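Structure first, then comments.
Values in this text are rule-based calculations from the coordinates and carry no lab data. Quick caveat, the model's predicted, so the values are computed rather than measured. With ideal geometry, Cβ positions are generated from the backbone for all residues, glycine too; neighbour counts draw on all protein chains shown.
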Amino acid sequence: MLNKKKILLICGSNNQTTMMHKISSFLGDYDCYFSPYYADTFFLKELYKAGYLDFTVMGRNYQQKVFEYAANNNLKLDFEGRKHNYDLVITCSDLVIQKNIRGKRIVLVQEGMTDPENFMYYLVKYLNLPRYLASTSTTGLSNAYRAFCVASYGYRDLFQEKGSDHNKMVVSGIPNFDNAAQYFNNDFPHKNFVLAATSDARETYKYENRKKFILNALRIADGRKLIFKLHPNEKTGRAVREIEKYAPQAFVYASGNTNHMVANCDVLITKYSSVVFLGLALGKEVHSDFDVEKLKKMSPIQNNGKSAENIAEVCKIIIEDKPFNAEQLSLNFAGSYYEVIESGYVGAFTS
């Protein structure tokens, strides 16, 4: 029996890890291994050892969660891809292209919303600084991949404007954001409320005026039931104290299924969070620091959960060196560019 070709799937956050797992379920003809995201340069490894990367997907906290997820789901682990010479690598982030995967066939998968282009983004882009310094705003700029699977035509346009290769980008949809309607089936006890989903900006060394965010949520709620869902990466004690001080009547959830909360709310308030796409797809009133009309154009296509299968099809084409036509694949997966963009609401489109 011939040995199966081997695929390394690089995980990270829970969102990234579950995406990788879903994609692998359609790659049964290949030998799939999973690794947490990892650092490879001397500088990053020293930061890792000192604990300075623990707030990132390269840190021990997220790595341990990947180990636990793999054990609970019987996935084969290969930390840092050391065991095999892989025929294909699938990753949700190209902010770091690790040394041992450079030159290999890589499929990049968009993980969700990308950060806005701030001052650091332009420094990184024009001074050729490490991409990770500007966080996810530089997603796709490595161009080290054979294919880049993206959420929507709107995002394809955005990545192209930044410098990603148009001929490599496939509008496949992305797992976890492609079947929003499923979340209406839930047992979350509250309904018809205002949901404020917080961010981990401060934990990732960005500025946030949390008092202003809380007071703005109170203003929008205008007497209606208000629920705060804390970001899983933020300091719970501090966040709870702040909410109790400025909005003592509000409910606070440090854990729980955020998707179910979004499905049951009437209004969704976020800063820079991918959950905004679920709110838009489900027809909620959305408030975000991003321009909501632009977000509608970029919202992930809704294809009843077929994105993982679509991405797996791209992976099979790349690993088998078959002819690759990004435009035709996008048409197959998402439909006509003009039909989708002209609709003005990508999130509601189903192919």
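Spin-label model, GLU293 to LYS5: label points 7 Å out along the Cα-to-beta-carbon direction sit 4.5 nm apart. One quarter of the surface of the convex hull around the alpha-carbon atoms of region 180-298 equals 7.1 nm², the direction-averaged projected area. For the chain, a simple Cβ point-charge model (Lys and Arg +1, Asp and Glu -1, everything else neutral) yields a dipole of about 800 debye relative to the Cα centre. Here is the list for region 127-202: trypsin sites (Lys or Arg not before Pro) lying in DSSP coil, each with at most 11 other C-beta atoms within 10 angstrom of its C-beta, are LYS191. Using just its DSSP H runs of length 4 or more, each adding -39500 (n - 2.57), the chain gives a mean residue ellipticity at 222 nm of -10000 deg cm²/dmol after division by all residues. Once the convex hull of all Cα atoms in the chain is built, its volume per residue stands at 141 Å³. Restricting the chymotrypsin sites (Phe, Trp or Tyr not before Pro) of region 201-305 to loop positions (DSSP other than H, G, I, E, B) with no more than 11 neighbouring Cβ atoms within 10 Å leaves TYR205, TYR207.
What the Cβ-Cβ distance of GLN64 and ARG219 gives, at R0 = 30 Å and to the nearest 0.05, is a FRET efficiency of 0.15.
Using C-alpha pairs under 8 Å with a sequence gap of at least 6, the mean separation divided by the residue count of region 180-298 gives a relative contact order of 32 percent.
Taking a sphere under 10 Å around the Cβ of LEU195 and counting the other residues whose Cβ falls inside, with K and R at +1 and D and E at -1, yields a net charge of +2.
Convex hull volume of the C-alpha atoms in region 1-116, normalised per residue: 114 Å³. For region 1-57, the relative contact order is 38 percent, taking Cα pairs closer than 8 Å that sit 6 or more residues apart in sequence and dividing their mean separation by the residue count. Please report how far the C-alpha centroid of region 72-137 lies from that of region 1-56, rounded to the nearest whole angstrom. Taking the Cα centre of each part, region 72-137 and region 1-56 sit 10 Å apart.
Between TYR86, THR204, HIS287, the Cα set farthest toward the positive side of the dipole of the chain (charges on each charged residue's Cβ, about the Cα centre) is that of THR204. Among the chymotrypsin sites (Phe, Trp or Tyr not before Pro) found in region 42-120, those both in a DSSP coil and sparsely packed, with 13 or fewer other Cβ atoms within 10 Å of their Cβ, are TYR52. The modelled label-to-label distance for the pair ASN192/PHE43, using points 7 Å beyond Cα in the direction of Cβ, is 5.6 nm.
Between ASN325 and GLN182, the C-beta separation translates, for a Förster distance of 35 Å, into a calculated FRET efficiency of about 0.70.
Across the chain, C-alpha contacts under 8 Å between residues 6 or more apart give a mean separation that, scaled by the residue count, equals a relative contact order of 17 percent.
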